[in-house]
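Read through the structure below, which is laid out as structure tokens, and then see the notes.
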Protein chains: 2
Amino acid sequence: MKGRVPKPRKAAPSKTAPTIHDVAHRAGVSPATVSNVLGGTRGVRSDSRALVIQAAAVLGYKSNHMASSLRRGNTRTIGVVVPNLANEFFSALVTHWEAEAAKAGYEILVVASEDDVATEARRIQSVIARRVDGILIAPALDAFGASSGFPKYLPPTVLVDRAFGHQKFDTVSSDNLDAGYVGTRHLIQLGHRDIAVLTSADSHYHLRNRVDGYRKALSEAGLAGRERLVIGGRSVEACRAVIERELRRPDRPTAIFATTFFSTLGTIKAIHSLGIAFPCDISLVAFEHSEWMTAVRPYLTAVAQQSEQLAGQSWRVLMERIARPAAKRQRITIPVHLSIRESARPSP
Amino acid sequence: MKGRVPKPRKAAPSKTAPTIHDVAHRAGVSPATVSNVLGGTRGVRSDSRALVIQAAAVLGYKSNHMASSLRRGNTRTIGVVVPNLANEFFSALVTHWEAEAAKAGYEILVVASEDDVATEARRIQSVIARRVDGILIAPALDAFGASSGFPKYLPPTVLVDRAFGHQKFDTVSSDNLDAGYVGTRHLIQLGHRDIAVLTSADSHYHLRNRVDGYRKALSEAGLAGRERLVIGGRSVEACRAVIERELRRPDRPTAIFATTFFSTLGTIKAIHSLGIAFPCDISLVAFEHSEWMTAVRPYLTAVAQQSEQLAGQSWRVLMERIARPAAKRQRITIPVHLSIRESARPSP
DNA sequence: GCATCGTGGTAAAACGATTTACGAAATACG
DNA sequence: CGTATTTCGTAAATCGTTTTACCACGATGC
């Protein structure tokens, strides 16, 4: 039957991974049966089942994910799009997502948008081309989705953290208004009247929200006229520069509320370089938590997002969306947490 | 139980992404021609080429990555296995790898081994099942590869950072011996004679190397008899506890060399909680660099691995290995860098 | 004019799994 | 014992792409 077939098909078993045919052949059954055994799709007589399992084990067979997901139409992979991994907040999100994925038998495909909308669009496209079952996006900018090159076919998608009131997607984000509010209120309660808020030049929705919270606390205390917005940039260095200028003024603030990771670090550097007594002469409420913060003195009072909750909830919402694509859109808000420590003192 | 499930085969064209057939149909050519145009495989007459490009654009067609990689036999995906992403050193590695991947048109699949060999083996298996073109592993333990459940079919693999003298794989790692040496030598040159080295209980190859460097510097200075090994654990807290005990002793060291990120933080916490004057009464050489370090006072003198180089070199080696699987095994060593700042002072 | 060549197009065969449909055997039922 | 029903196994279709093999056609060489 075989004869002279010039096809060295399965001639080199040493290098290539075994296929379902190899297993079937070795077990003396059909590929369909192997699939049924390994996938548990249908009942298989116990003797042939044993044969299959044995053969698969000997050959070290692992089903080819490309082939199976092509056939089944899902990849059990979730695309994760974050601005960058260098920022501890995002790497924490990714860590938690990775754990959720492992629990649920998924894998995550991580790409970085570098906080640039064009790059983000490109990276999202390439993740879609891989036919991921869903996407978790911590958007680069408010402008997300407003761009003309918006992908035509999008798998279930959840917007996280910087999610804004987008019409189309589920969103899970921190209570940024409250973040601004509780941080500022804490300083007011300590007797401060000259409170500067340090934020970014880009009017990201989530940052505007934090500033709105600051304003709310101020006006609630009858200090509406004493707003002091300090506009920093996207780098630690840029924040340091502007806050240093602010602190050089004769009417410098007695307290600073940093609303981002960058501005927190920038503020600390500015205080150090000016040699101001900290926290005696200047109070600071920082943003985000980090393991490193335990090594910084004074121990920083900070408002922190709960990254584990953000990650967990967004994962849950995404899974629900995948299960029921037509379900009602969800918009989840995660509370923030104020940790009172030593960097904010009563106003002198 | 499940309800009635009809067959909504191609009934909903609005939701499913377009296939190459859709494009071919719309352009009035065959799928083969579409593939040739989009892939640039063969010459196509310019009028039909234009038709195809037009049709693809209108439909928003993106080739199905599952199908194409099944056919071509490669996925243009690299698996990345790291202990965790919470550790800034690893998240830096991943960041750089992600950038390299983006440049080369790859995607990376990130999984965490949680520093556990069993988990690592499982995660590696699931990455292999996805038929990645290559794997970058920052191993969980020296024991890597020694485990009996070692994967039978492994794509090109490069071991990074904690790579040890493994017979089978390319390795790219820091010069850990030198890391221990230069850190210790710096302290010796400052006049210290009682130098404790803080390391982990697990005798990881790379940690042993760092301690060996410490020993080398000591014996070179005729201090061979004055070794002071302090064994911490894998957490900041565990390190803090042991170093605190060490610092309570009447003959406490005048300097500490922390050889890991955990022990660096643990040492600082211990110093703070004991209220020792730092760096006057105790000197410290830290390990690894972090953006946060700029906020810690005194500014930490530290030995740091060059994560960008580690990532870049390992990526290069992996690409070379993929291109020529039979090439000679490479073993690259990346120098470490000592940044002299303020936490190590001359011995009193 | 005839053989040769190159070009452009397509049909069909992979890739490796899952699933459907069908037949054969085994079991249950009256 | 004959028929109805379930169980088990497999051939073949399918997923969406790339690539091979072949055909048709016009141009070229002699």
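Laid out as a table, the results:
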{"quantity": "Two-site label geometry, A:SER235 and B:GLU244: point separation in nm, points 7 Å out along Cα→Cβ", "calculated": "4.0 nm"}
{"quantity": "Top of A:ALA32, A:ALA201, A:ALA323 by mean-square fluctuation, Gaussian network on chain A, Cα under 10 Å", "calculated": "A:ALA32"}
{"quantity": "The stretch A:234-348: relative contact order as a whole-number percent, Cα under 8 Å and 6+ apart", "calculated": "27 percent"}
{"quantity": "Alpha-carbon centroid distance for the pair the stretch B:161-224 / the stretch A:154-193, whole angstrom", "calculated": "46 Å"}
{"quantity": "Per residue Cα convex hull volume in Å³ - calculated over the protein assembly as shown", "calculated": "208 Å³"}
{"quantity": "Length-normalised contact order for chain B - Cα pairs under 8 Å, 6+ apart - percent", "calculated": "15 percent"}
{"quantity": "7 Å along Cα→Cβ, label-point gaps from B:GLN54 to other copies, nm, shortest first", "calculated": "6.3"}
{"quantity": "Global geometry of the stretch A:245-323, whether rounded, prolate or oblate, following the gyration tensor of its Cα atoms and the 1.5 cut on a/c", "calculated": "prolate"}
{"quantity": "Tensor-based shape of the stretch A:169-247 (alpha-carbon gyration tensor, a/c under 1.5 rounded, otherwise prolate or oblate)", "calculated": "oblate"}
{"quantity": "Helix A:117-129 vs. chain A, principal-axis angle (Cα, 0 to 90°, nearest 10)", "calculated": "20 degrees"}
{"quantity": "Highest-MSF residue in chain A out of A:GLY79, A:GLY191, A:GLY232 [GNM, Cα springs under 10 Å]", "calculated": "A:GLY191"}
{"quantity": "Computed Rg/Rh of the stretch B:260-304, alpha carbon atoms with Kirkwood Rh", "calculated": "0.93"}
{"quantity": "Spherically averaged projected area of the stretch B:18-166 from its Cα convex hull (nm²)", "calculated": "10.8 nm²"}
{"quantity": "Distance violations [Cα-Cα > 26 Å] among A:LYS62/B:LYS168; A:LYS152/A:LYS328; A:LYS269/B:LYS269; A:LYS62/B:LYS103; A:LYS62/A:LYS103; B:LYS62/B:LYS103", "calculated": "A:LYS62/B:LYS103"}
{"quantity": "Residue mean of other protein chain beta carbons inside 10 Å, B:95-103", "calculated": "4"}
{"quantity": "For chain A, built as a Gaussian network whose Cα springs stay under 10 Å, the top-fluctuating residue of A:ILE256, A:ILE137, A:ILE322", "calculated": "A:ILE322"}
{"quantity": "B:ARG131 long-range amide H proximity, modeled H, under 5 Å", "calculated": "A:HIS65"}
{"quantity": "Mean-position separation - Cα centroids, the stretch A:15-30 and the stretch A:73-98, in angstrom", "calculated": "36 Å"}
{"quantity": "Rg to Rh quotient for chain A, alpha carbon positions, Kirkwood Rh", "calculated": "1.16"}
{"quantity": "Residue-by-residue Karplus 3J(HN,Hα) for the stretch A:267-274, coefficients 6.51, -1.76, 1.60, Hz, glycine and proline x", "calculated": "5, 4, 4, 5, 4, 4, 6, 8"}
{"quantity": "Built amide H within the under 5 Å cut-off of B:SER200, gap 5+", "calculated": "B:GLY232"}
{"quantity": "Of every Cα-Cα pair in the stretch A:202-348, the percent that sits beyond 17 Å", "calculated": "67 percent"}
{"quantity": "Length added when fully stretched, B:ARG297-B:LYS168, from 0.36 nm per residue minus Cα-Cα", "calculated": "42.0 nm"}
{"quantity": "FRET efficiency estimate (nearest 0.05) - Cβ-Cβ, A:ARG71 to B:ILE53, R0 30 angstrom", "calculated": "0.50"}
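Bear in mind these aren't lab numbers, they're just calculated from the coordinates by the rules spelled out. Owing to the predicted nature of the structure, the values given are computational and were not obtained by experimental measurement. Note that each Cβ is placed from the backbone with ideal geometry, even for glycine, and that neighbours are counted across all protein chains shown.
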